[in-house]
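Engineer: Dumping the structure here so I can ask a few things about it.
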Amino acid sequence: MNIDQLNSIMPLAQSRAAAAIDALNAAMDEWEINTPARQAFFLAHLAHESGELRYTREIASGAAYEGAARLGNTHSGDGPRFRGWDWPQITGRKNTRLASLALYGDERLIERPDLLDQSTPERCARVSAWFWRVGAGLNLVRAARDYGLMDGCDLNATADAGDFKGSTFAWNGGLNGYTQRLIYLERGKAALLGDTV
């Protein structure tokens, strides 16, 4: 993917796109998000969740996640502490621990949650690609299972099957922002596959 393609998918990213392009390409290579269709699906969700690379922490306080056992928020303050972080908006103690193990081989993001406020394009890109390939399938909600997704699903498979709704259920747990995600998907297809919108 080149900078012009990224800018056409996420026009509000502006200078953030230039800072992110190399990290995104490296992460997509590392995690085998290596076809135009996979990239279009992945970038559509990433654009929606991050506000086109503008947000690396969830705007809401995280109070709504306090005590959410499904997210592993078992300690007082976990809701705000582990509110959405980096571009994919990883949420909760459980998902943060899994991401930390995948990225660093240790629990540093649990032991030092202040690091969640110290985003870099490299970490944002790597955790996004990990979430796409592994993380989303580790904590599926009932709606995703009811849709037919299996625990441990790899979202490359949903992209390969052309199942954007399935990838949305896995990434988001529902269809939050589905219309906007579809707009990003169409931009991605146009930029990466040459499909007309």
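Engineer: Tell me whether the stretch 10-27 contains one or more residues that are at pLDDT 95 or above, under 28 Å from Ala143 (Cα atoms) and either surrounded by 15 or more Cβ atoms within 10 Å (Cβ to Cβ) or out of contact with any Asp or Glu (no Cβ under 8 Å at 6 or more places or on another chain) (or both).
Structural biologist: So far as the stretch 10-27 goes, no, none of its residues is at pLDDT 95 or above, under 28 Å from Ala143 (Cα atoms) and either surrounded by 15 or more Cβ atoms within 10 Å (Cβ to Cβ) or out of contact with any Asp or Glu (no Cβ under 8 Å at 6 or more places or on another chain) (or both).
Engineer: Would you check which residues across the stretch 14-50 are touching a residue at least 12 places away in the same chain (Cβ under 8 Å), more than 17 Å from Arg123 (Cα to Cα) and not in a helix (DSSP H, G or I) and list them?
Structural biologist: Thr35 - this is the single residue of the stretch 14-50 that is touching a residue at least 12 places away in the same chain (Cβ under 8 Å), more than 17 Å from Arg123 (Cα to Cα) and not in a helix (DSSP H, G or I).
Engineer: In the stretch 116-159, what count of residues is obtained for those that are in a helix (DSSP H, G or I) and touching a residue at least 60 places away in the same chain (Cβ under 8 Å)?
Structural biologist: Of the residues in that region, 15 qualify.
Engineer: Out of Gly177, Gly188, Gly173, Gly162, report the one residue that is touching a residue at least 24 places away in the same chain (Cβ under 8 Å) and open to solvent by 30 Å² or more (accessible area, probe 1.4 Å).
Structural biologist: Going through Gly177, Gly188, Gly173, Gly162 in turn, the sole match is Gly162.
Engineer: Within the bounds of the stretch 114-132, is there any residue that is more than 23 Å from Ala17 (Cα to Cα), modelled with pLDDT of 95 or more and buried (at least 16 other Cβ atoms within 10 Å of the Cβ)?
Structural biologist: Scanning the stretch 114-132 turns up no residue that is more than 23 Å from Ala17 (Cα to Cα), modelled with pLDDT of 95 or more and buried (at least 16 other Cβ atoms within 10 Å of the Cβ).
Engineer: Would you confirm whether or not the stretch 58-70 contains a residue that is among the aliphatic types (A, V, I, L, M), part of a loop (DSSP other than H, G, I, E, B) and surrounded by 21 or more Cβ atoms within 10 Å (Cβ to Cβ)?
Structural biologist: no
Engineer: Do we find a residue being under 13 Å from the mean Cα position of the chain (by Cα), within 23 Å of Leu175 (Cα to Cα) and of a type outside the set (Ser, Thr, Tyr) anywhere in the stretch 56-66?
Structural biologist: yes
Engineer: Can you tell me which of (1) out of contact with any Gly (no Cβ under 8 Å at 6 or more places or on another chain); (2) open to solvent by 10 Å² or more (accessible area, probe 1.4 Å) is the one Ser167 doesn't meet?
Structural biologist: (2)
The values are calculated or read from the model by the stated rules, or taken from the named source; none is laboratory data. Just so you know, these numbers come straight off a predicted model, no measurement behind them. Heads up, the Cβs are rebuilt from the backbone with ideal geometry, glycines too, and the neighbour counts pull from every protein chain shown. The protein model used for the area step is the full one, side chains on, heavy atoms only, and it has no ligands, DNA or RNA in it. Shrake-Rupley method; radii C 1.70, N 1.55, O 1.52, S 1.80 Å.
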